[in-house]
There are 2 protein chains.
Amino acid sequence: MLRKSVTIQDIAILAGVSTATVSRALSDPHRVAVRTRAAVMEAVTQTGYQINSTARNLRLKRTGSILALVPDLANPFFSEILAGLASVLSAAGFGLLVADTRTEPDPLMNLDDVLNKGLADGIVVFDGALIGDVRMDQLRVPVVAACEWGEFELPWVRIDNEAAAAMAVDHLVAMGHRTIGHVTGPDGNVLTSSRLEGTRMALERHGIELPPEWIIPGDFGLASGALAARRWLALERRPSALFCASDQMACGLIGELRNNGVTVPAELSVVGFDDIDLAAHLTPALTTIRQPRFLIGERSAKMLTAVIENADPWPASELIPVELVQRQSVAQYPASLSLPIAAIERDGGPGGTRTPNQAVMSRRL
Amino acid sequence: MLRKSVTIQDIAILAGVSTATVSRALSDPHRVAVRTRAAVMEAVTQTGYQINSTARNLRLKRTGSILALVPDLANPFFSEILAGLASVLSAAGFGLLVADTRTEPDPLMNLDDVLNKGLADGIVVFDGALIGDVRMDQLRVPVVAACEWGEFELPWVRIDNEAAAAMAVDHLVAMGHRTIGHVTGPDGNVLTSSRLEGTRMALERHGIELPPEWIIPGDFGLASGALAARRWLALERRPSALFCASDQMACGLIGELRNNGVTVPAELSVVGFDDIDLAAHLTPALTTIRQPRFLIGERSAKMLTAVIENADPWPASELIPVELVQRQSVAQYPASLSLPIAAIERDGGPGGTRTPNQAVMSRRL
DNA sequence: CTGTTAGCGCGTTCAA
DNA sequence: TTGAACGCGCTAACAG
């Protein structure tokens with residue numbers, strides 16, 4: 001397997017030059033005479049020489065890779081972000097190292113260690129829960145916080161969760177709903193609180209009450225969506241619309257409702273969050289808030305490489321814009337309007353569920 | 001940011017010993033006197049020393065990480081496999097480097113290069129399409145092929161796609177279906193052909209015809225499932241069951257059918273492939289072939305680390321067992337039997353759709 | 001434009 | 001049980 005590796009020395013001898021020249025010919029070709037360069041290249045192709053990046057990195061005092069710290073690698077939410085990361089990193093000559101913060105050697109092992117172990121030239125952290133108690137003042141490498149965030153001081157890339165939640169609520173209000181509930185994420189999560197807060201504030205702005213029993217606890221997962229459905233069914237007074245803090249929960253919710261003979265959006269309108277691939281292919285297709293995940297990955301990577309290369313110590317954080325994707329899980333309220341025919345009879349024109357995005361977006365305050 | 005890093009030298013001076021002793025105290029503690037070991041450890045904690053893995057790797061002639069070559073990082077199918085890989089790799093002290101073979105610097109850049117660039121101590125390749133024309137005889141590091149495979153000589157970890165397809169078909173036959181179609185993966189894919197072949201052979205074994213028009217082309221994606229639904233609807237003579245080569249297609253299919261007023265499983269039984277998370281939460285919950293993705297990752301990693309550490313040149317390839325997960329997208333045929341009461345009347349016992357796995361498994365030849 | 005020299009930080013002989 | 005010395009393969013001064 002491991003054939004004796006050919007080094008820069010071998011090339012030097014073969015090409016009749018010094019190792020320094022070989023190094024230059026490889027890293028900065030135009031700083032070497034054409035003839036010698038040719039000789040070097042000849043030797044390289046002839047031997048199949050491959051530069052030893054470990055030695056190079058040692059000399060350069062770098063590692064050549066950046067590390068993504070993900071709370072759950074198996075969660076598809078992150079895969080597209082990783083793709084975004086990889087696309088800019090590989091273009092910039094960095095490798096992408098991934099680690100699951102929940103599975104690590106010791107789960108939750110001293111994060112300070114991971115951050116300072118010198119495994120990477122920079123780190124993207126997706127797990128806000130972990131960052132809380134890290135001493136930011138003595139980080140060895142630049143760190144960017146993506147998606148989640150907390151009270152720590154760190155450049156970040158994320159969406160405006162409160163504004164996004166407000167977008168969902170505004171849409172439901174624009175569609176005529178006045179009784180709106182919210183299915184939340186897990187307790188203690190920043191995303192949970194900010195989306196709930198956004199929901200609260202938007203409702204308040206519209207002068208709409210949010211009774212505590214309409215705040216249904218979830219955990220972003222499918223199963224908790226199904227649970228939420230049962231909570232909703234058990235309600236004495238039910239809201240006509242539910243804004244779920246994740247698409248997965250919306251899926252679970254809609255499925256369980258159907259199992260109980262409740263039709264979405266006829267009997268309940270639902271808005272999700274994320275715009276996972278499946279959202280467009282559910283029945284009904286899910287109206288949701290789209291997070292540009294690939295873009296989040298790209299921006300995080302760009303930010304990190306900028307810090308590393310320019311030594312720009314403090315890059316500007318970025319708020320990634322989200323958008324409302326209207327599909328078919330939200331109906332006009334009262335229900336009669338959701339039937340095109342009824343809508344025509346009443347409004348004298350095609351209203352109902354198929355309004356194009358812009359129409360509704362512009363109704364926002 | 002980058003504070004002057006403390007090296008083994010600093011520790012040596014601080015502890016009043018030589019660098020060699022420090023090195024030993026760290027890598028092989030019991031080969032050093034208790035007192036000196038304590039002194040070293042003291043100096044280590046005092047300074048916050050972190051071993052420089054680049055230097056270590058250079059000395060040890062390794063990189064400390066293994067590389068996963070994935071055709072599409074954004075595809076959630078791989079995320080769980082990556083989690084499996086990461087879990088055993090990090091336990092074994094390796095880092096997990098990921099690269100998207102379609103996005104790489106030059107998409108599809110010379111694979112020989114990637115494989116031999118010396119970026120990793122071992123490689124897991126998930127993209128069978130890439131391996132085809134690599135010269136296996138001069139690989140610098142061990143390579144394991146996962147999931148996909150071709151005609152090349154390489155240790156692999158995968159499921160038996162033909163047997164898995166047969167499992168799906170056998171189940172449908174056991175449920176009374178005699179007209180069964182298949183929605184395929186993309187052209188030219190090994191998975192596509194093996195699953196189709198498995199379907200073919202199983203049907204033949206049961207003496208059931210497979211008319212060409214019941215082989216509906218797909219590409220594993222959601223949209224192609226919806227397309228397949230329209231193909232099925234347009235059929236003059238329709239099969240009573242469809243085996244889809246991926247869950248995503250099954251989702252798209254079921255959704256589009258519902259849009260057209262066709263109910264699954266009442267009017268069409270559907271079996272998927274993969275058992276993605278959502279499968280259990282669709283309506284109807286999807287009966288499917290479960291691929292243990294996390295396990296596939298784990299086994300690939302174990303195989304690779306075994307080769308690297310033991311220098312076992314040729315580990316035994318592994319066939320990962322799959323299982324049929326029965327849920328609600330398959331009905332007894334003829335349709336009347338799908339009602340439990342009818343089943344009881346006829347069989348004198350609880351048959352129907354809820355038969356435990358084993359019952360069906362054992363019906364296989 | 002090119003060669004010489006000196007490390008990057010570590011593990012590991014070989015003696016003591 | 002420990003220390004001195006060497007070198008993994010490469011790049012960055014500094015001469016020439």
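The numbers here are math on the coordinates, done by the rules we state, and not lab data. Keep in mind that what you see is a predicted model, and the values were worked out from it rather than measured. Every residue, glycine among them, receives a Cβ derived from its backbone with ideal geometry; neighbour counts consider all protein chains shown.
Checking each residue in the range A:296-328 for being surrounded by fewer than 22 Cβ atoms within 10 Å (Cβ to Cβ), within 12 Å of another protein chain (Cβ to nearest Cβ) and assigned to a helix (DSSP H, G or I) picks out A:Glu298, A:Val307, A:Ile308.
Can you confirm whether the range A:238-252 contains a residue that is surrounded by fewer than 24 Cβ atoms within 10 Å (Cβ to Cβ) and not hydroxyl-bearing (Ser, Thr, Tyr)?
The initial filter retains those residues of the range A:238-252 that are surrounded by fewer than 24 Cβ atoms within 10 Å (Cβ to Cβ), namely A:238-240.
Still in the running and not hydroxyl-bearing (Ser, Thr, Tyr): A:238-239.
Yes, the range A:238-252 contains at least one residue that is surrounded by fewer than 24 Cβ atoms within 10 Å (Cβ to Cβ) and not hydroxyl-bearing (Ser, Thr, Tyr).
Residue-level analysis places A:Gly176 outside the set of residues that are among the small types (Gly, Ala, Ser) and within 23 Å of A:Asn161 (Cβ to Cβ). Considering the range A:219-248, and only residues there that are of a type in the set (Gly, Ala, Ser) and either part of a loop (DSSP other than H, G, I, E, B) or free of Cβ contacts under 8 Å to residues at least 24 places away in the same chain (or both), the residue that is nearest to A:Leu286 (Cα to Cα) turns out to be A:Ser246.
Taking each residue of the range A:19-43 that is among the hydrophobic types (A, V, I, L, M, F, W, C) and looking for partners that are more than 10 Å from DNA strand D (Cβ to nearest atom) with beta-carbon atoms closer than 6 Å, six or more apart or interchain, yields A:Val22/A:Val40; A:Ala25/A:Val32; A:Ala25/A:Arg37; A:Ala25/A:Val40; A:Ala39/A:Ala15; A:Val40/A:Ala15; A:Ala43/A:Leu14; A:Ala43/A:Ala15. Taken over the range B:1-13, residues that are within 9 Å of DNA strand D (Cβ to nearest atom) and within 14 Å of chain A (Cβ to nearest Cβ) amount to 0.
Among the residues of the range B:75-85, which ones are free of Cβ contacts under 8 Å to residues at least 12 places away in the same chain and either crowded, with 24+ Cβ neighbours inside 10 Å or more than 9 Å from chain A (Cβ to nearest Cβ) (or both)? Can you show your working first?
Initial filter on the range B:75-85 (free of Cβ contacts under 8 Å to residues at least 12 places away in the same chain): B:75, B:79.
Hit for the range B:75-85 is B:Ser79, nothing else.
Just one of the numbered conditions (1) buried (at least 21 other Cβ atoms within 10 Å of the Cβ); (2) more than 9 Å from chain A (Cβ to nearest Cβ) is not true of B:Gly16: (1). Restricted to the range B:259-275, and to residues there that are out of contact with any Lys or Arg (no Cβ under 9 Å at 6 or more places or on another chain) and either in a helix (DSSP H, G or I) or aliphatic (A, V, I, L, M) (or both), the residue that is nearest to the other protein chains (Cβ to nearest Cβ) is B:Asn259.
Scanning the range B:19-36 for residues that are surrounded by 18 or more Cβ atoms within 10 Å (Cβ to Cβ), near DNA strand D (Cβ under 7 Å from one of its atoms) and not polar (S, T, N, Q) yields B:Arg24, B:Val32. Would you point out the residue of the range B:195-218, among those that are in a loop (DSSP other than H, G, I, E, B) and away from chain A (no Cβ under 14 Å), that is surrounded by the most Cβ atoms within 10 Å (Cβ to Cβ)? Result: B:Leu210.
Scanning the range B:26-73 for residues that are touching a Phe, Trp or Tyr at 6+ places or on another chain (Cβ under 8 Å), part of a helix (DSSP H, G or I) and within 14 Å of chain A (Cβ to nearest Cβ) gives no hits.
For the range A:42-60, indicate whether the set of residues that are within 30 Å of B:Asn75 (Cβ to Cβ) and within 14 Å of DNA strand C (Cβ to nearest atom) is non-empty.
Here is the first cut: in the range A:42-60, the residues within 30 Å of B:Asn75 (Cβ to Cβ) are A:50, A:53.
Then keep just the ones that are within 14 Å of DNA strand C (Cβ to nearest atom); that gives A:53.
Looking through the range A:42-60, at least one residue is within 30 Å of B:Asn75 (Cβ to Cβ) and within 14 Å of DNA strand C (Cβ to nearest atom).
Take the residues of the range A:282-295 that are at the interface with another protein chain (Cβ under 10 Å from one of its Cβ atoms) and under 12 Å from the mean Cα position of the chain (by Cα): which is nearest to A:Phe243 (Cα to Cα)? Out of the qualifying residues, it is A:Arg293.
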